[in-house]
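The values are calculated or read from the model by the stated rules, or taken from the named source; none is laboratory data. Here the structure is a predicted model, which is why all the values come from computation and not from measurement. Ideal geometry is used to build each Cβ from the backbone, glycine not excepted, and the neighbour counts take in all protein chains shown. Keep in mind that these areas ignore ligands, DNA and RNA; they rest on the heavy atoms of the full protein, side chains included. Shrake-Rupley method; radii C 1.70, N 1.55, O 1.52, S 1.80 Å.
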Amino acid sequence: MSTALMPTSTAASDWTDEEKAVVEAAGLVFIHQYGEHKGAKVLAPRPVIAKFMHICERTGLDPLARQIYCIGRFGSDGLEWSVQTAIDGFRVIAERSKQYAGQDEAEWLTPAGEWVPAFVKALHGEHPLAARVKVYRHDWDRPMVGIATWDEYAQTKRNGELTAMWKDRGPGQLAKCAEALALRKAFPQDLSGIYTDDEMDTQVLESADGDAQDDAAPRRRRGIPTLADRARAAVHHAAEVVEEAEVVEDEPTDAVAAEPEVQASQDLGFTCSNCGVECVAEDGGICTNCEADIAAEAGEQA
């Protein structure tokens, strides 16, 4: 029996029925789950397909074994595509390098400032401040250390609550992010540009010329903000409030000063990019119902 393989061409018109099925299984086909378009399929853009095929070939990971896959999610800019893998895929790549010499057990930083080998809520608090993992190579004298902080990686819903996965398994999720960071540092040739599903919401996009942007400037992919995102947004909002107040003081009348508030309320309307329903909210993208469904679905997939 022949083994199902990814197509060799990026042109969908050249694919056989079997290759089309493989492409869909690899996540390169987005299927609407909600709204009037429920059940409709959207094929990933050709550049996304080409990038995915290239990464599969370069890493040797199997998309049908879910070692690597592509996924489309709705964000503030509409349907966005990303290539990601599970932490097991990172470990497979490291093992194949023949230079992987193992790693130390994960450690977590408690609110008391102590690194511990196991984070227990009853002893240490609600969540760790950070997690770290040390990865070793046979040809290096010192380990490569990956440190992931809670504020940068913990995923929250729009109402500020942690997503189900991070609420129930937060320390473990953070440790996997730290391990991925360490493995990517230790094996940059093999893991450059690849991110795990656990860290995907904070990984940066590639720029238009293909150069990776600075990891210190995380960018969201699902529209589910982290705690750090919210802190940055709060600072930005406070600055805007101060600036608006200064402008109002210069206006000659109260009637004119009130005009920006009227305009702001009119700008709150938008059309949900997922179900097409007209909505009123603080920011655009998708409506509250679709956001909750998509967040729930993302939690189940993780």
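Before moving on, here are some points about what is shown:
- Residue-wise HN-Hα coupling along segment 104-115, computed from phi with Karplus coefficients 6.51, -1.76, 1.60 (Hz; x: Gly, Pro): 7, 5, 5, 10, 10, 8, 7, x, 7, x, 10, 7
- Short-range pairs are left out: with C-alpha atoms under 8 Å and at least six residues apart, the relative contact order of segment 72-134 is 25 percent.
- Residue pairs, from the table Lys98/Lys176; Lys41/Lys185; Lys51/Lys98, whose Cα atoms sit over 31 Å apart: Lys41/Lys185
- The residues neighbouring Gly170, those whose beta-carbon lies less than 10 Å from its own, together hold a net charge of +1 under the Lys/Arg +1, Asp/Glu -1 convention.
- Accessible area of segment 59-119 belonging to carbon and sulfur atoms, whole % at 1.4 Å probe: 47
- Electrostatic bookkeeping for Pro7 treats Lys and Arg as +1 and Asp and Glu as -1; over the other residues with beta carbon under 10 Å from its beta carbon, the sum is -2.
- At 1.567 mPa s and 4 °C, Stokes diffusion of segment 28-105 via Kirkwood alpha-carbon radius, µm² per second: 90
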